[in-house]
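The values are calculated or read from the model by the stated rules, or taken from the named source; none is laboratory data. Quantities reported herein were computed from a predicted structural model and do not represent experimental measurements. Note that we place each Cβ from the backbone using ideal geometry, even for glycine, and neighbour counts take in every protein chain shown.
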Amino acid sequence: MQYIENKTFDEINIGDSAELTRRLEAGDIEIFATMSGDVNPTHVDAEYTSSDMFHKVIVHGMWGGALISAVLGSELPGPGTIYLNQTLAFRKPVGLGDTVTVRVTVTAKDAADQRVTLACLCLDQTGETVIEGEAEVTAPTAKVRRPRTALPDVHLHERGARFNQLIKATADLAPIRTAVVHPCDGLSLEGAMQAGARGMIIPILVGPRSKIEAAAREADLDISATEIIDVPHSHAAAETAVALAREGKVGMLMKGKLHTDELLAPVVDKLTGLRTERRISHVFALDVPSYPKPLLISDAAINTFPDLDAKRDIVQNAIDLALALGIEIPKVAILSAVETVTPTLPSTVDAAALCKMADRGQITGGQIDGPLAFDNAVSKAAAQTKGITSPVAGEADILIAPDLEAGNMIAKQLIYLAGADAAGLVLGARVPIVLTSRADGVMSRLASAAMAQLFIHHHAGRILI
(Lines give C-alpha, C1' and ligand atoms only; values in the text may rest on other atoms or scores of the structure.)
Protein backbone atom coordinates (compact mmCIF):
# COMPACT_ATOMS: atom_id res chain seq x y z
CA MET A 1 0.00 0.00 0.00
CA GLN A 2 1.25 3.48 -0.87
CA TYR A 3 1.21 6.18 1.78
CA ILE A 4 1.21 9.97 1.72
CA GLU A 5 3.33 11.59 4.47
CA ASN A 6 4.17 15.19 5.25
CA LYS A 7 7.21 16.93 6.66
CA THR A 8 6.46 19.10 9.66
CA PHE A 9 8.04 22.52 10.07
CA ASP A 10 10.61 21.13 12.50
CA GLU A 11 11.59 18.34 10.07
CA ILE A 12 12.16 20.68 7.13
CA ASN A 13 15.68 21.87 6.38
CA ILE A 14 16.99 24.53 4.02
CA GLY A 15 17.85 22.78 0.75
CA ASP A 16 15.21 20.03 1.04
CA SER A 17 13.50 19.40 -2.30
CA ALA A 18 10.80 17.31 -3.93
CA GLU A 19 9.69 16.83 -7.51
CA LEU A 20 7.31 15.10 -9.87
CA THR A 21 7.29 14.51 -13.62
CA ARG A 22 4.21 14.64 -15.80
CA ARG A 23 3.50 14.48 -19.55
CA LEU A 24 0.91 16.94 -20.88
CA GLU A 25 -1.97 15.11 -22.57
CA ALA A 26 -5.04 16.48 -24.32
CA GLY A 27 -7.19 15.20 -21.47
CA ASP A 28 -5.28 17.37 -18.98
CA ILE A 29 -6.26 20.48 -20.95
CA GLU A 30 -9.88 19.40 -21.30
CA ILE A 31 -10.23 18.57 -17.60
CA PHE A 32 -8.71 21.90 -16.61
CA ALA A 33 -11.04 23.78 -18.97
CA THR A 34 -14.06 21.87 -17.66
CA MET A 35 -13.24 22.49 -14.00
CA SER A 36 -12.19 26.13 -14.35
CA GLY A 37 -14.44 27.31 -17.16
CA ASP A 38 -11.34 28.72 -18.91
CA VAL A 39 -11.88 28.29 -22.66
CA ASN A 40 -9.30 30.85 -23.81
CA PRO A 41 -8.16 29.47 -27.20
CA THR A 42 -4.51 30.04 -26.28
CA HIS A 43 -5.07 27.52 -23.48
CA VAL A 44 -7.32 24.88 -25.03
CA ASP A 45 -7.24 25.14 -28.85
CA ALA A 46 -4.63 23.10 -30.67
CA GLU A 47 -4.97 25.30 -33.75
CA TYR A 48 -4.36 28.59 -31.94
CA THR A 49 -0.56 28.62 -32.04
CA SER A 50 2.46 30.73 -32.84
CA SER A 51 4.64 29.88 -35.83
CA ASP A 52 7.33 28.20 -33.71
CA MET A 53 4.78 26.11 -31.77
CA PHE A 54 2.81 24.64 -34.68
CA HIS A 55 0.03 22.29 -33.55
CA LYS A 56 0.91 22.70 -29.87
CA VAL A 57 -1.39 23.77 -27.09
CA ILE A 58 -0.05 26.86 -25.40
CA VAL A 59 -0.46 26.59 -21.64
CA HIS A 60 0.86 29.64 -19.79
CA GLY A 61 1.13 28.28 -16.32
CA MET A 62 -2.28 27.03 -15.19
CA TRP A 63 -1.28 23.41 -15.67
CA GLY A 64 2.30 23.97 -14.51
CA GLY A 65 1.08 26.01 -11.56
CA ALA A 66 -1.29 23.21 -10.64
CA LEU A 67 1.62 20.74 -10.67
CA ILE A 68 3.62 22.98 -8.33
CA SER A 69 0.64 23.06 -5.99
CA ALA A 70 0.44 19.26 -6.17
CA VAL A 71 4.09 18.89 -5.07
CA LEU A 72 3.64 21.33 -2.20
CA GLY A 73 0.41 19.70 -1.02
CA SER A 74 1.41 16.06 -1.34
CA GLU A 75 5.21 15.94 -1.02
CA LEU A 76 6.90 18.99 0.53
CA PRO A 77 5.74 20.06 3.03
CA GLY A 78 2.79 17.76 2.19
CA PRO A 79 -0.63 17.27 3.84
CA GLY A 80 -1.60 20.14 6.11
CA THR A 81 0.25 22.77 4.06
CA ILE A 82 -1.48 26.15 3.72
CA TYR A 83 -0.69 28.13 0.56
CA LEU A 84 0.08 31.81 1.26
CA ASN A 85 1.74 33.42 -1.77
CA GLN A 86 3.13 32.49 -5.14
CA THR A 87 5.03 34.37 -7.83
CA LEU A 88 5.75 32.63 -11.12
CA ALA A 89 7.38 33.67 -14.38
CA PHE A 90 6.49 31.74 -17.52
CA ARG A 91 9.60 31.41 -19.66
CA LYS A 92 8.48 29.03 -22.40
CA PRO A 93 5.18 27.55 -23.59
CA VAL A 94 4.31 23.96 -22.76
CA GLY A 95 2.73 21.95 -25.57
CA LEU A 96 0.90 18.67 -25.98
CA GLY A 97 3.30 15.78 -25.52
CA ASP A 98 5.83 17.81 -23.53
CA THR A 99 7.14 16.25 -20.32
CA VAL A 100 7.57 18.65 -17.42
CA THR A 101 9.59 18.01 -14.26
CA VAL A 102 8.45 20.17 -11.34
CA ARG A 103 10.89 20.75 -8.49
CA VAL A 104 10.44 22.74 -5.27
CA THR A 105 13.38 23.55 -2.98
CA VAL A 106 13.29 25.06 0.51
CA THR A 107 15.15 28.38 0.60
CA ALA A 108 14.01 29.92 3.90
CA LYS A 109 12.16 29.19 7.17
CA ASP A 110 10.50 31.54 9.65
CA ALA A 111 9.81 29.91 13.02
CA ALA A 112 7.61 32.80 14.17
CA ASP A 113 4.69 31.62 12.03
CA GLN A 114 5.99 28.29 10.59
CA ARG A 115 6.41 29.99 7.22
CA VAL A 116 8.49 28.22 4.58
CA THR A 117 9.72 29.74 1.33
CA LEU A 118 10.41 27.42 -1.62
CA ALA A 119 11.97 28.03 -5.01
CA CYS A 120 9.81 26.57 -7.80
CA LEU A 121 11.26 25.34 -11.08
CA CYS A 122 9.64 23.55 -14.05
CA LEU A 123 11.86 22.04 -16.75
CA ASP A 124 10.75 20.46 -20.02
CA GLN A 125 12.15 17.27 -21.53
CA THR A 126 15.06 19.21 -23.07
CA GLY A 127 16.09 20.67 -19.72
CA GLU A 128 14.90 24.18 -20.58
CA THR A 129 13.12 26.24 -17.95
CA VAL A 130 9.43 26.73 -18.68
CA ILE A 131 8.32 28.15 -15.30
CA GLU A 132 10.27 29.52 -12.37
CA GLY A 133 9.33 31.43 -9.25
CA GLU A 134 8.73 31.21 -5.53
CA ALA A 135 6.05 29.98 -3.16
CA GLU A 136 5.35 30.79 0.48
CA VAL A 137 3.44 28.33 2.63
CA THR A 138 2.63 27.63 6.25
CA ALA A 139 4.08 24.23 7.03
CA PRO A 140 2.15 21.70 9.15
CA THR A 141 3.15 21.18 12.77
CA ALA A 142 1.45 17.78 13.21
CA LYS A 143 2.66 14.61 11.52
CA VAL A 144 0.31 13.09 8.92
CA ARG A 145 0.73 9.63 7.38
CA ARG A 146 -2.16 7.90 5.69
CA PRO A 147 -2.89 5.67 2.65
CA ARG A 148 -2.65 7.54 -0.64
CA THR A 149 -6.11 7.97 -2.16
CA ALA A 150 -6.50 6.54 -5.65
CA LEU A 151 -7.82 9.15 -8.05
CA PRO A 152 -11.00 8.26 -9.96
CA ASP A 153 -11.03 7.61 -13.68
CA VAL A 154 -12.28 10.67 -15.53
CA HIS A 155 -14.11 10.28 -18.84
CA LEU A 156 -14.35 13.40 -20.96
CA HIS A 157 -17.27 13.45 -23.33
CA GLU A 158 -18.74 16.13 -25.53
CA ARG A 159 -22.44 15.38 -25.69
CA GLY A 160 -23.66 14.83 -29.23
CA ALA A 161 -20.16 14.94 -30.76
CA ARG A 162 -20.36 11.52 -32.42
CA PHE A 163 -23.89 12.13 -33.65
CA ASN A 164 -22.75 15.45 -35.11
CA GLN A 165 -20.04 13.55 -36.98
CA LEU A 166 -22.73 11.30 -38.46
CA ILE A 167 -24.74 14.31 -39.56
CA LYS A 168 -21.67 15.97 -41.11
CA ALA A 169 -20.93 12.78 -43.04
CA THR A 170 -24.17 13.26 -44.99
CA ALA A 171 -23.23 16.73 -46.25
CA ASP A 172 -22.45 15.65 -49.81
CA LEU A 173 -25.22 13.05 -50.13
CA ALA A 174 -28.50 13.55 -51.96
CA PRO A 175 -31.53 13.89 -49.67
CA ILE A 176 -33.97 10.98 -49.37
CA ARG A 177 -37.70 11.44 -49.91
CA THR A 178 -39.09 10.44 -46.54
CA ALA A 179 -42.61 9.72 -45.34
CA VAL A 180 -42.88 11.19 -41.83
CA VAL A 181 -45.66 9.19 -40.22
CA HIS A 182 -48.17 11.09 -38.07
CA PRO A 183 -45.86 14.02 -37.05
CA CYS A 184 -48.50 15.54 -34.80
CA ASP A 185 -46.27 16.85 -32.03
CA GLY A 186 -43.55 19.46 -31.89
CA LEU A 187 -40.61 17.07 -31.36
CA SER A 188 -41.27 14.72 -34.27
CA LEU A 189 -42.20 17.59 -36.57
CA GLU A 190 -39.14 19.63 -35.64
CA GLY A 191 -36.87 16.63 -36.11
CA ALA A 192 -38.24 16.05 -39.60
CA MET A 193 -38.05 19.71 -40.57
CA GLN A 194 -34.49 20.10 -39.30
CA ALA A 195 -33.44 16.97 -41.17
CA GLY A 196 -35.00 18.52 -44.24
CA ALA A 197 -33.26 21.86 -43.67
CA ARG A 198 -29.92 20.05 -43.39
CA GLY A 199 -30.47 18.29 -46.71
CA MET A 200 -30.77 14.78 -45.28
CA ILE A 201 -34.38 14.19 -46.26
CA ILE A 202 -37.22 15.65 -48.28
CA PRO A 203 -40.04 15.33 -45.73
CA ILE A 204 -43.50 14.20 -46.80
CA LEU A 205 -45.78 14.71 -43.81
CA VAL A 206 -48.43 11.99 -43.59
CA GLY A 207 -51.22 12.50 -41.07
CA PRO A 208 -54.22 14.65 -40.19
CA ARG A 209 -53.50 18.06 -41.72
CA SER A 210 -55.21 19.96 -38.91
CA LYS A 211 -53.14 18.26 -36.21
CA ILE A 212 -49.89 18.67 -38.16
CA GLU A 213 -50.54 22.38 -38.73
CA ALA A 214 -51.48 22.86 -35.07
CA ALA A 215 -48.22 21.18 -33.99
CA ALA A 216 -46.31 23.43 -36.39
CA ARG A 217 -47.90 26.57 -34.95
CA GLU A 218 -47.17 25.46 -31.40
CA ALA A 219 -43.52 24.73 -32.26
CA ASP A 220 -43.23 27.90 -34.37
CA LEU A 221 -42.29 25.94 -37.50
CA ASP A 222 -42.92 27.02 -41.08
CA ILE A 223 -44.26 24.04 -43.03
CA SER A 224 -45.94 26.05 -45.80
CA ALA A 225 -43.61 24.65 -48.47
CA THR A 226 -43.75 21.05 -47.18
CA GLU A 227 -45.94 18.42 -48.81
CA ILE A 228 -48.70 17.11 -46.53
CA ILE A 229 -50.75 14.01 -47.27
CA ASP A 230 -53.96 14.39 -45.30
CA VAL A 231 -55.27 11.20 -43.69
CA PRO A 232 -57.73 10.86 -40.79
CA HIS A 233 -55.65 9.12 -38.10
CA SER A 234 -52.37 7.39 -37.17
CA HIS A 235 -53.35 3.96 -38.54
CA ALA A 236 -54.16 5.47 -41.91
CA ALA A 237 -50.91 7.45 -41.80
CA ALA A 238 -48.89 4.26 -41.33
CA GLU A 239 -50.73 2.43 -44.11
CA THR A 240 -50.33 5.37 -46.50
CA ALA A 241 -46.62 5.74 -45.74
CA VAL A 242 -46.02 2.03 -46.35
CA ALA A 243 -47.89 2.26 -49.66
CA LEU A 244 -45.70 5.19 -50.71
CA ALA A 245 -42.58 3.16 -49.94
CA ARG A 246 -43.92 0.11 -51.74
CA GLU A 247 -44.59 2.24 -54.82
CA GLY A 248 -41.07 3.68 -54.70
CA LYS A 249 -42.30 7.22 -53.99
CA VAL A 250 -40.28 7.48 -50.75
CA GLY A 251 -37.00 5.85 -49.76
CA MET A 252 -37.35 6.06 -45.99
CA LEU A 253 -39.98 6.11 -43.24
CA MET A 254 -39.73 8.23 -40.11
CA LYS A 255 -41.83 7.57 -37.02
CA GLY A 256 -43.82 10.47 -35.58
CA LYS A 257 -46.29 10.53 -32.72
CA LEU A 258 -47.67 7.01 -32.83
CA HIS A 259 -46.93 3.68 -31.22
CA THR A 260 -44.28 1.46 -32.78
CA ASP A 261 -46.71 -1.41 -33.33
CA GLU A 262 -49.05 0.95 -35.23
CA LEU A 263 -46.25 1.80 -37.62
CA LEU A 264 -44.87 -1.70 -38.02
CA ALA A 265 -48.18 -3.53 -38.48
CA PRO A 266 -48.58 -2.46 -42.14
CA VAL A 267 -44.81 -2.79 -42.68
CA VAL A 268 -44.86 -6.53 -41.92
CA ASP A 269 -48.11 -7.29 -43.74
CA LYS A 270 -47.34 -10.26 -46.01
CA LEU A 271 -49.38 -8.97 -48.96
CA THR A 272 -49.09 -5.18 -48.89
CA GLY A 273 -46.14 -4.53 -46.57
CA LEU A 274 -42.42 -3.98 -47.01
CA ARG A 275 -41.12 -7.41 -46.04
CA THR A 276 -38.11 -8.94 -47.75
CA GLU A 277 -36.41 -12.29 -47.40
CA ARG A 278 -34.49 -10.71 -44.50
CA ARG A 279 -35.95 -10.63 -41.00
CA ILE A 280 -36.80 -7.08 -39.88
CA SER A 281 -34.85 -5.95 -36.82
CA HIS A 282 -34.08 -2.81 -34.83
CA VAL A 283 -30.58 -1.43 -34.20
CA PHE A 284 -29.82 1.01 -31.41
CA ALA A 285 -26.83 3.29 -32.03
CA LEU A 286 -25.48 4.57 -28.72
CA ASP A 287 -22.91 7.24 -27.96
CA VAL A 288 -21.71 6.09 -24.52
CA PRO A 289 -19.46 8.60 -22.69
CA SER A 290 -17.20 5.91 -21.21
CA TYR A 291 -16.83 3.89 -24.44
CA PRO A 292 -14.29 4.99 -27.07
CA LYS A 293 -16.52 4.51 -30.11
CA PRO A 294 -20.16 4.21 -31.18
CA LEU A 295 -21.90 1.07 -29.93
CA LEU A 296 -24.66 -0.71 -31.86
CA ILE A 297 -27.10 -2.96 -29.98
CA SER A 298 -29.63 -5.33 -31.54
CA ASP A 299 -32.37 -6.40 -31.24
CA ALA A 300 -33.97 -4.40 -28.45
CA ALA A 301 -37.33 -3.44 -29.96
CA ILE A 302 -38.86 -5.93 -32.41
CA ASN A 303 -37.88 -9.61 -32.15
CA THR A 304 -38.92 -10.92 -28.75
CA PHE A 305 -37.32 -14.38 -28.65
CA PRO A 306 -35.50 -14.75 -31.99
CA ASP A 307 -34.51 -18.22 -33.18
CA LEU A 308 -31.19 -18.95 -34.88
CA ASP A 309 -32.40 -17.94 -38.36
CA ALA A 310 -33.73 -14.65 -37.02
CA LYS A 311 -30.50 -14.01 -35.13
CA ARG A 312 -28.53 -14.53 -38.32
CA ASP A 313 -30.53 -11.74 -39.96
CA ILE A 314 -30.30 -9.54 -36.86
CA VAL A 315 -26.50 -9.86 -36.98
CA GLN A 316 -26.34 -9.18 -40.72
CA ASN A 317 -28.59 -6.12 -40.48
CA ALA A 318 -26.37 -4.66 -37.76
CA ILE A 319 -23.20 -5.37 -39.74
CA ASP A 320 -24.70 -3.74 -42.84
CA LEU A 321 -25.47 -0.61 -40.82
CA ALA A 322 -22.00 -0.53 -39.27
CA LEU A 323 -20.43 -0.76 -42.73
CA ALA A 324 -22.59 2.13 -43.91
CA LEU A 325 -21.42 4.18 -40.93
CA GLY A 326 -17.81 3.73 -42.01
CA ILE A 327 -16.70 0.93 -39.68
CA GLU A 328 -14.36 -1.03 -41.93
CA ILE A 329 -14.64 -4.44 -40.25
CA PRO A 330 -17.33 -4.36 -37.54
CA LYS A 331 -16.56 -6.43 -34.47
CA VAL A 332 -19.66 -8.31 -33.32
CA ALA A 333 -20.07 -9.75 -29.82
CA ILE A 334 -22.80 -12.36 -29.41
CA LEU A 335 -23.88 -11.90 -25.80
CA SER A 336 -24.82 -14.39 -23.14
CA ALA A 337 -24.28 -14.74 -19.41
CA VAL A 338 -21.06 -16.75 -19.77
CA GLU A 339 -18.18 -17.16 -22.20
CA THR A 340 -18.37 -20.93 -22.69
CA VAL A 341 -20.80 -22.97 -24.74
CA THR A 342 -23.20 -24.41 -22.19
CA PRO A 343 -26.06 -26.67 -23.35
CA THR A 344 -28.33 -25.50 -20.52
CA LEU A 345 -27.97 -21.89 -21.78
CA PRO A 346 -29.43 -21.91 -25.31
CA SER A 347 -28.04 -18.43 -26.07
CA THR A 348 -24.49 -19.81 -25.80
CA VAL A 349 -25.30 -22.56 -28.30
CA ASP A 350 -26.81 -20.00 -30.69
CA ALA A 351 -23.70 -17.85 -30.29
CA ALA A 352 -21.43 -20.72 -31.26
CA ALA A 353 -23.64 -21.53 -34.25
CA LEU A 354 -23.61 -17.90 -35.41
CA CYS A 355 -19.81 -17.86 -35.27
CA LYS A 356 -19.68 -21.00 -37.40
CA MET A 357 -22.21 -19.50 -39.83
CA ALA A 358 -19.84 -16.56 -40.24
CA ASP A 359 -16.99 -18.99 -40.90
CA ARG A 360 -19.09 -20.57 -43.66
CA GLY A 361 -20.02 -17.26 -45.30
CA GLN A 362 -23.63 -17.25 -44.12
CA ILE A 363 -22.91 -13.97 -42.31
CA THR A 364 -20.53 -11.57 -44.02
CA GLY A 365 -18.75 -8.28 -43.48
CA GLY A 366 -17.71 -8.49 -39.84
CA GLN A 367 -15.67 -10.31 -37.20
CA ILE A 368 -17.92 -12.34 -34.90
CA ASP A 369 -17.20 -13.95 -31.55
CA GLY A 370 -19.34 -15.46 -28.85
CA PRO A 371 -20.63 -16.33 -26.46
CA LEU A 372 -19.26 -13.32 -24.59
CA ALA A 373 -20.59 -11.84 -21.37
CA PHE A 374 -21.25 -8.11 -21.50
CA ASP A 375 -18.14 -7.19 -19.49
CA ASN A 376 -15.86 -9.20 -21.78
CA ALA A 377 -17.42 -7.66 -24.87
CA VAL A 378 -16.71 -4.05 -23.86
CA SER A 379 -13.75 -4.30 -21.45
CA LYS A 380 -10.30 -5.53 -22.46
CA ALA A 381 -9.31 -5.72 -18.81
CA ALA A 382 -12.23 -8.03 -18.03
CA ALA A 383 -11.43 -10.23 -21.02
CA GLN A 384 -7.75 -10.46 -20.09
CA THR A 385 -8.60 -11.31 -16.48
CA LYS A 386 -10.67 -14.25 -17.71
CA GLY A 387 -8.01 -15.32 -20.20
CA ILE A 388 -10.15 -14.67 -23.26
CA THR A 389 -8.16 -14.29 -26.47
CA SER A 390 -10.34 -12.71 -29.13
CA PRO A 391 -10.18 -9.89 -31.70
CA VAL A 392 -13.68 -8.86 -30.57
CA ALA A 393 -13.45 -9.04 -26.77
CA GLY A 394 -13.13 -5.59 -25.24
CA GLU A 395 -13.48 -3.88 -28.63
CA ALA A 396 -17.01 -4.69 -29.79
CA ASP A 397 -18.72 -2.37 -32.26
CA ILE A 398 -21.94 -4.40 -32.15
CA LEU A 399 -23.62 -6.20 -29.26
CA ILE A 400 -26.16 -8.88 -30.19
CA ALA A 401 -28.52 -9.57 -27.30
CA PRO A 402 -29.97 -13.06 -26.75
CA ASP A 403 -33.52 -11.66 -26.71
CA LEU A 404 -35.48 -8.41 -26.73
CA GLU A 405 -35.72 -8.14 -22.94
CA ALA A 406 -31.96 -8.34 -22.47
CA GLY A 407 -31.25 -5.98 -25.37
CA ASN A 408 -33.76 -3.41 -24.20
CA MET A 409 -32.43 -3.46 -20.64
CA ILE A 410 -28.83 -3.09 -21.82
CA ALA A 411 -29.71 -0.13 -24.02
CA LYS A 412 -31.90 1.61 -21.44
CA GLN A 413 -29.31 1.13 -18.68
CA LEU A 414 -26.62 2.71 -20.85
CA ILE A 415 -28.96 5.61 -21.66
CA TYR A 416 -30.24 6.31 -18.15
CA LEU A 417 -27.29 5.27 -15.98
CA ALA A 418 -24.28 5.85 -18.26
CA GLY A 419 -25.55 9.00 -19.98
CA ALA A 420 -25.58 7.53 -23.48
CA ASP A 421 -27.28 9.30 -26.38
CA ALA A 422 -29.38 7.00 -28.55
CA ALA A 423 -30.53 6.81 -32.14
CA GLY A 424 -32.31 3.94 -33.84
CA LEU A 425 -33.19 2.30 -37.15
CA VAL A 426 -35.30 -0.59 -38.32
CA LEU A 427 -33.62 -2.55 -41.11
CA GLY A 428 -34.51 -5.58 -43.19
CA ALA A 429 -37.55 -3.97 -44.84
CA ARG A 430 -37.51 -2.51 -48.35
CA VAL A 431 -36.63 0.87 -46.86
CA PRO A 432 -34.99 1.83 -43.57
CA ILE A 433 -37.30 3.13 -40.86
CA VAL A 434 -36.24 5.84 -38.42
CA LEU A 435 -37.66 4.49 -35.17
CA THR A 436 -37.14 6.72 -32.17
CA SER A 437 -38.97 6.96 -28.88
CA ARG A 438 -41.66 9.60 -28.68
CA ALA A 439 -39.61 11.17 -25.86
CA ASP A 440 -36.38 11.35 -27.89
CA GLY A 441 -35.03 14.79 -28.66
CA VAL A 442 -34.27 16.42 -32.00
CA MET A 443 -30.61 15.30 -31.98
CA SER A 444 -31.65 11.65 -31.70
CA ARG A 445 -34.01 12.07 -34.67
CA LEU A 446 -31.38 13.84 -36.74
CA ALA A 447 -28.78 11.17 -35.98
CA SER A 448 -31.26 8.43 -36.90
CA ALA A 449 -32.08 10.17 -40.18
CA ALA A 450 -28.37 10.55 -40.90
CA MET A 451 -27.81 6.83 -40.34
CA ALA A 452 -30.68 5.96 -42.67
CA GLN A 453 -29.36 8.31 -45.35
CA LEU A 454 -25.84 6.84 -45.05
CA PHE A 455 -27.31 3.32 -45.17
CA ILE A 456 -29.30 4.02 -48.32
CA HIS A 457 -26.38 5.56 -50.17
CA HIS A 458 -23.91 2.90 -49.03
CA HIS A 459 -26.14 0.08 -50.20
CA ALA A 460 -27.40 1.81 -53.35
CA GLY A 461 -28.11 -0.74 -56.04
CA ARG A 462 -28.76 -3.60 -53.65
CA ILE A 463 -32.19 -5.04 -54.39
CA LEU A 464 -34.27 -6.28 -51.46
CA ILE A 465 -37.00 -8.71 -52.47
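Some notes on this structure:
- The listed residue being surrounded by 20 or more Cβ atoms within 10 Å (Cβ to Cβ) and in contact with a Pro (Cβ under 6 Å, 6 or more places away or on another chain), out of 215, 139: 139
- Selection within region 94-116: residues that are in contact with a helix residue (DSSP H, G or I) (Cβ under 7 Å, 6 or more places away or on another chain) and outside any strand (DSSP E or B). The member of this set that is nearest to residue 137 (Cα to Cα) is 114.
- Any hit, region 412-430, residues being in contact with a Phe, Trp or Tyr (Cβ under 8 Å, 6 or more places away or on another chain), under 16 Å from residue 297 (Cβ atoms) and assigned to a helix (DSSP H, G or I): no
- Scanning region 75-98 for residues that are modelled with pLDDT of 90 or more and either more than 15 Å from residue 135 (Cα to Cα) or not assigned by TED's automatic domain parsing to the domain that holds residue 137 (or both) returns 79, 80.
- Set 354, 335, 345: member being touching a Leu at 6+ places or on another chain (Cβ under 7 Å), surrounded by 15 or more Cβ atoms within 10 Å (Cβ to Cβ) and farther than 19 Å from residue 292 by Cα: 335
- Inter-residue pairs, beta-carbon under 9 Å, first within 17 Å of residue 354 (Cβ to Cβ) and in region 388-411, second part of a helix (DSSP H, G or I) and basic (Lys, Arg), 6+ apart: 393/380; 400/311; 402/311
- Filter pass, residue 119 being of a type in the set (Gly, Ala, Ser), modelled with pLDDT of 95 or more, surrounded by 17 or more Cβ atoms within 10 Å (Cβ to Cβ) and assigned to a strand (DSSP E or B): no
- Some residue of region 270-293 being without any contact (Cβ under 8 Å) to a residue 24 or more places away in the chain and either closer than 30 Å to residue 386 by Cβ or touching a helix residue (DSSP H, G or I) at 6+ places or on another chain (Cβ under 9 Å) (or both): yes
- A single entry from 437, 444, 448, 390 fulfils the requirement of being of a type in the set (Ser, Thr, Tyr), under 15 Å from residue 298 (Cβ atoms) and assigned by TED's automatic domain parsing to the domain that holds residue 200: 448.
- Residue match in region 240-250 (condition: over 29 Å from the mean Cα position of the chain (by Cα), surrounded by fewer than 19 Cβ atoms within 10 Å (Cβ to Cβ) and on the phi > 0 side of the Ramachandran plot): yes
- Residue ID - nearest to residue 254 (Cα to Cα), chosen from residues in region 199-212 that are small (Gly, Ala, Ser) and in contact with a Pro (Cβ under 9 Å, 6 or more places away or on another chain): 207
- Filtered residue count, region 309-337, keeping only those that are among the polar types (S, T, N, Q) and more than 19 Å from residue 378 (Cβ to Cβ): 2
- Residue match in region 356-373 (condition: touching a residue at least 12 places away in the same chain (Cβ under 8 Å) and farther than 17 Å from residue 334 by Cα): no
- Looking only at region 434-443, and only at residues there that are crowded, with 19+ Cβ neighbours inside 10 Å and more than 14 Å from residue 200 (Cα to Cα), the one that is modelled with the lowest pLDDT: 440
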